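Trainee: Sharing a structure here in structure tokens format.
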Amino acid sequence: RKEVEQDPGPFNVPEGATVAFNCTYSNSASQSFFWYRQDCRKEPKLLMSVYSSGNEDGRFTAQLNRASQYISLLIRDSKLSDSATYLCVVTFEYGNKLVFGAGTILRVKS
Amino acid sequence: EAQVTQNPRYLITVTGKKLTVTCSQNMNHEYMSWYRQDPGLGLRQIYYSMNVEVTDKGDVPEGYKVSRKEKRNFPLILESPSPNQTSLYFCASSALGPGETQYFGPGTRLLVL
């Protein structure tokens, strides 16, 4: 089993749609969780951290379910510029190691 | 400007010819790490460093070496590159550790013939 698993997609959605991605992780001791965005093989950039209580940043909402060991990202009112690969990232080994999921591809079309 | 730089950005080499990819950050970050990215596999951590002279293996360290003699630099060394090391490589840094925002370099595309 992979340490961090994501649905690779692609998710093809029209502008204005709401889309949700899930990510599962294998280590129940993991402490930190993130969503990163990567455009076309460029460097990843932090989209948002994920907190136990859930958090929102504009059109983006992240949720963490520790009991089921999954993280979600919800994007509302999708824009063309949201087209990218979204990477789920989790810390392992007492927080010293970062593990990335393989990414979920989102394509927003007009 | 706060940044992570990598050199070279593109490299074509032959099997067995030693090479070094440099990584430098100007943010006084403690934590630095190297990743390789391959299609369908995502980013996999090669090595990381919590501080000067402190390095540790990630998930895929075989065939790679690193050093951290200064806080700002974290070079990746391939002593004897092989074709299966053809990949896109990223260096990253963060202030204190992996639980914080990682700032990535622009990437190095390596082709080993």
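The values are calculated or read from the model by the stated rules, or taken from the named source; none is laboratory data. Given the structure is predicted, the values throughout are model-derived calculations rather than measurements. Ideal geometry is used to build each Cβ from the backbone, glycine not excepted, and the neighbour counts take in all protein chains shown.
Trainee: Being surrounded by 17 or more Cβ atoms within 10 Å (Cβ to Cβ) and at positive phi is the filter here; which residues of segment B:7-51 pass it?
Mentor: B:Gly42 - this is the single residue of segment B:7-51 that is surrounded by 17 or more Cβ atoms within 10 Å (Cβ to Cβ) and at positive phi.
Trainee: For A:Asp77, state whether it is among the acidic types (Asp, Glu), away from chain B (no Cβ under 14 Å), within 15 Å of A:Phe21 (Cα to Cα) and free of Cβ contacts under 8 Å to residues at least 60 places away in the same chain. Please lay out each step first, then the result.
Mentor: Values: among the acidic types (Asp, Glu): yes; away from chain B (no Cβ under 14 Å): yes; within 15 Å of A:Phe21 (Cα to Cα): yes; free of Cβ contacts under 8 Å to residues at least 60 places away in the same chain: no.
Against the criterion (among the acidic types (Asp, Glu), away from chain B (no Cβ under 14 Å), within 15 Å of A:Phe21 (Cα to Cα) and free of Cβ contacts under 8 Å to residues at least 60 places away in the same chain), A:Asp77 does not qualify.
Trainee: Before we move on, is B:Asn84 surrounded by fewer than 16 Cβ atoms within 10 Å (Cβ to Cβ), more than 13 Å from chain A (Cβ to nearest Cβ) and in contact with a strand residue (DSSP E or B) (Cβ under 9 Å, 6 or more places away or on another chain)?
Mentor: yes
Trainee: Another question, if that's okay. On the basis of being more than 24 Å from B:Leu111 (Cβ to Cβ), of a type outside the set (A, V, I, L, M) and in contact with a Leu (Cβ under 6 Å, 6 or more places away or on another chain), does B:Glu53 make the cut?
Mentor: No; evaluated as a whole, the condition is false for this residue.
Trainee: Follow-up question, since we're still on this one. Taking segment A:95-110, which residues are more than 10 Å from chain B (Cβ to nearest Cβ) and either at pLDDT below 95 or assigned to a loop (DSSP other than H, G, I, E, B) (or both)? Can you show your working first?
Mentor: Pass one, segment A:95-110, residues more than 10 Å from chain B (Cβ to nearest Cβ): A:104-110.
The one that is more than 10 Å from chain B (Cβ to nearest Cβ) and either at pLDDT below 95 or assigned to a loop (DSSP other than H, G, I, E, B) (or both): A:Ser110.
Trainee: In addition: Could you check, for segment A:53-73, whether at least one of its residues is modelled with pLDDT of 95 or more, over 12 Å from A:Leu106 (Cβ atoms), surrounded by 15 or more Cβ atoms within 10 Å (Cβ to Cβ) and at the interface with chain B (Cβ under 10 Å from one of its Cβ atoms)?
Mentor: no
Trainee: Restricting the search to segment A:52-67, which residues are without any contact (Cβ under 8 Å) to a residue 12 or more places away in the chain and part of a loop (DSSP other than H, G, I, E, B)?
Mentor: Step one: filter segment A:52-67 for residues without any contact (Cβ under 8 Å) to a residue 12 or more places away in the chain, giving A:53-58, A:65, A:67.
Listed by number, the residues that qualify are A:Ser53, A:Gly54, A:Gly58, A:Ala67.
Trainee: Quick one: what pairs do we get from segment B:56-76, first residue away from every other protein chain (no Cβ under 14 Å), second basic (Lys, Arg) and crowded, with 17+ Cβ neighbours inside 10 Å, C-beta under 6 Å, 6+ apart or different chains?
Mentor: Filtered contacts from segment B:56-76: B:Phe74/B:Arg68.
Trainee: Please go through segment B:87-113 and pick out each residue that is part of a loop (DSSP other than H, G, I, E, B), farther than 19 Å from A:Val50 by Cβ and facing another protein chain (nearest Cβ under 7 Å).
Mentor: If the condition is that a residue be part of a loop (DSSP other than H, G, I, E, B), farther than 19 Å from A:Val50 by Cβ and facing another protein chain (nearest Cβ under 7 Å), then B:Gly105, B:Pro106, B:Gly107 are the ones that fit.
Trainee: Out of the residues in segment B:9-41 that are of a type in the set (Gly, Ala, Ser) and more than 15 Å from the chain's Cα centre (by Cα), which is farthest from B:Ser93 (Cα to Cα)? Explain how you work it out, then say what you get.
Mentor: If we filter segment B:9-41 for residues that are of a type in the set (Gly, Ala, Ser), which is where we start, we get B:16, B:24, B:33, B:40.
Checking the rest, the ones that are also more than 15 Å from the chain's Cα centre (by Cα) come to B:16, B:40.
Details: B:Gly16: 29, B:Gly40: 24 Å.
The selected residue is B:Gly16.
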